[in-house]
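FYI, it's all coordinate maths here, none of it is from the lab. Since we're looking at a predicted model, the values are computed, not measured. Glycine also receives a Cβ, built like all others from the backbone with ideal geometry; neighbour counts cover every protein chain displayed.
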Amino acid sequence: DEPLAEAGDGIGAQYRAYTAMASLARAKGDGALAAAYDARAAELKALVPEFNKAYPGIEVTVEDIGNPAIWDKITTGLAAGGQGLADVLHIGVDYLPGYVERFPGGLADLAPLGATAHRGAFAPGLWETVSPDGKRVDALPWEANSAGFHYRADLFEQAGLDAEALQTWDEAVDAGRQLKARTGAFLLGIDKPASQADAANFFQMLLQLQGAFYFDAEGRIALGSPEAVKAMTLVKTLNDAGLVGDLAGGWNALMASLKQGNTAVYPWPTWFGGIIEEQVPEQSGKWRVRLPPAVRRGGSTAATVNSTHLAVAGSSRHRAAAWSFVEFALTRPASQVRIHRGKGIAPALMAAYDDAVFHEPSAFFGGLRKGEVFLAALKAPQPAFHYTADYARALKLVTDAQSKVLLKGAAPAEVLREAADRLAQQTGRKVAR
């Protein structure tokens, strides 16, 4: 079988990059284990002392497994009927439907444990992701990152342009031409040969800004939809105008472009602001962030392009205890504020945003209250996007199609139609017409 998804770092792939597995709750007296990786593991571990005060009968240990070992462990465990799985699994939005569809019963239904009481607590569109049928609840949302438009204000000023005035991506193309002529900087960058699985991040963001995705609500293939063609046509227009830098090589190339200062816009989600601050601290004050322009005038500028969730393994012998930790971590504003203060993770829990930390000005971003920028996006009505168990296959075909457009000048409608037909052959799914 093909993998449920491929590891990487991007709008599509950052779900994977920030996914973890945690065996978080076992009865007192048992050896407790929590397995996770990166900053998420550290922040879950930081919650344990406070959790133990509220639940002294539950022991928790957090262990950092590492990436990509985490994927093999979760997938292998589910395929083996839950053998060796942790009690609590931290799963990205691109993996969740695949696990649910391919491993029935692999994840516990959280509804009987009380999850439905939190139905309205999270950012719009996320509950439909964890509870597609409105009855069973497969997980609770943890992170919710919105599409962003991080830009070098100094480059736009040098070119005599106002980035905040851009209402559509067509206007951004026109501005990009002037910016390139006056500063030499690319408007944005894309991994043109699709050397990494996340090469279609920008295309996917443009699709989601239109309320569309690779699959429709019925699970039919929508790669050839008018929205998809519009998104890929924008990619081609930018590239044909010489406004797209080549980020072949993925993350390393992306970081190099930041340091070289040869790219004006990074259309990446909420969490990317922290990466910029970390990688180029000497550029403090030169950056700003806003929501991306609409694809069509008057269209949406808000899209939740990155979310992760905590689920309980169906094989867990300690479901109630595991649920206690999930609920403690994800439904208490204090827990989510603690996690955000630690690593800047954007919570899906809307009540957390009442805390002042999300409204503080950022010196790095010129005094901008960037938390409020993304909060506006999370408050906006948004649809649920249907990743399905075949997202990885769709992603591979989309990145291949995009490379044909960028490197060979192929027609967007043609390559997307071919991708849709090929995906139908691989999966047996119908193509939406």
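Positive end of the charge dipole of the chain (Lys, Arg +1 and Asp, Glu -1 on Cβ, about the Cα centre): tell me which of 185, 258, 229 has its Cα farthest that way.
Selected residue: 229.
Before rounding to the nearest 500, sum -39500 (n - 2.57) across all DSSP H runs of length at least 4 in the chain and divide by the residue total; then give [θ] at 222 nm in deg cm²/dmol.
On the way: 16 runs with 174 residues, N = 433.
Mean residue ellipticity at 222 nm (helix-derived): -12000 deg cm²/dmol.
Would you kindly state how much longer the chain becomes between residue 278 and residue 260 on full extension, computed as 0.36 nm times their sequence separation minus their alpha carbon distance, in nm to one decimal?
On the way: separation 18, 0.36 × 18 = 6.48 nm, distance 1.48 nm.
Contour length minus the Cα-Cα distance gives 5.0 nm.
Quick one, which of (i) 29.8; (ii) 40.0; (iii) 19.2 is the actual mean projected area of the Cα convex hull in nm² calculated for this model?
Answer by label: (iii).
Whole Å is fine, so just give me how far the alpha carbon centre of region 164-209 lies from that of region 296-312.
One Cα centre to the other: 19 Å.
Taking the Cβ of residue 166 as the center, what net charge do the other residues with Cβ under 11 Å away carry, scoring Lys and Arg +1 and Asp and Glu -1? Write down the numbers at each step before the final one.
Working: positive: 290; negative: 162, 164, 170, 171, 174.
It works out to a net charge of -4.
Under 5 Å between amide hydrogens, which residues at least 5 positions from residue 410 or on another chain qualify, with H placed 1.01 Å from N in the peptide plane?
405
Using the structure shown, select from 286/370; 73/192; 236/379 the pairs with a Cα to Cα distance greater than 25 angstrom.
The answer is 73/192; 236/379.
Using the eigenvalues of the Cα gyration tensor, what equivalent ellipsoid semi-axes result for region 62-217 when each is taken as the square root of five times the eigenvalue, whole Å, largest first? Don't skip to the answer; put the middle values down first.
Numbers: eigenvalues 324, 77, 39 Å².
Values for region 62-217, descending: 40, 20, 14 Å.
Taking the Cα centre of the chain as origin and charging only Cβ (+1 Lys, Arg; -1 Asp, Glu), how large is the dipole, in debye to the nearest 20? Before the final figure, lay out the partial values.
Working: 43 positive and 47 negative charges, 78 e Å.
It comes to approximately 380 debye.
Between residue 372 and residue 83, what's the calculated FRET efficiency when r is the beta-carbon distance and R0 is 56 Å? Round to 0.05.
Values: r = 46 Å, r/R0 = 0.82.
My answer for the efficiency is 0.75.
How far, in degrees from 0 to 90, does helix 333-343 lean away from the longest principal axis of the Cα atoms of the chain, to the nearest 10?
Approximately 60 degrees, to the nearest 10.
Students often forget the sequence filter, so: which lysines lie under 18 Å Cα-Cα from residue 45 once same-chain residues fewer than 8 apart are removed?
Partners found: 28, 53, 343.
Once fully extended, how much extra length lies between residue 426 and residue 407, figured as 0.36 nm per residue of separation less the alpha-carbon to alpha-carbon distance?
Details: separation 19, 0.36 × 19 = 6.84 nm, distance 2.52 nm.
In short, 4.3 nm is gained.
Compute the acute angle (0 to 90°) between the alpha-carbon long axis of helix 412-427 and the principal axis of greatest extent of the alpha-carbon atoms of the chain; round to the nearest 10°.
Roughly 20 degrees, rounded to the nearest 10.
Calculate the FRET efficiency for residue 360 and residue 162 from the Cβ-Cβ distance with a Förster distance of 25 Å, rounded to the nearest 0.05.
On the way: r = 25 Å, r/R0 = 1.00.
Efficiency, rounded to the nearest 0.05: 0.50.
May I ask you to list the trypsin sites (Lys or Arg not before Pro) in region 345-406 that are in a DSSP loop and have at most 15 other Cβ atoms within 10 Å of their Cβ? Write down the numbers at each step before the final one.
Numbers: sites: 369, 370, 379, 393, 396, 404; in loops: 369.
Answer by residue number: 369.
Obtain the nm distance between the two label points defined at residue 252 and residue 177 by a simple spin-label model: each point lies 7 Å from its Cα along the Cα-to-C-beta direction.
The modelled label-to-label distance comes out at 3.7 nm.
Take the alpha-carbon centre of region 105-153, take the same for region 329-387, and report the distance between them in whole Å.
15
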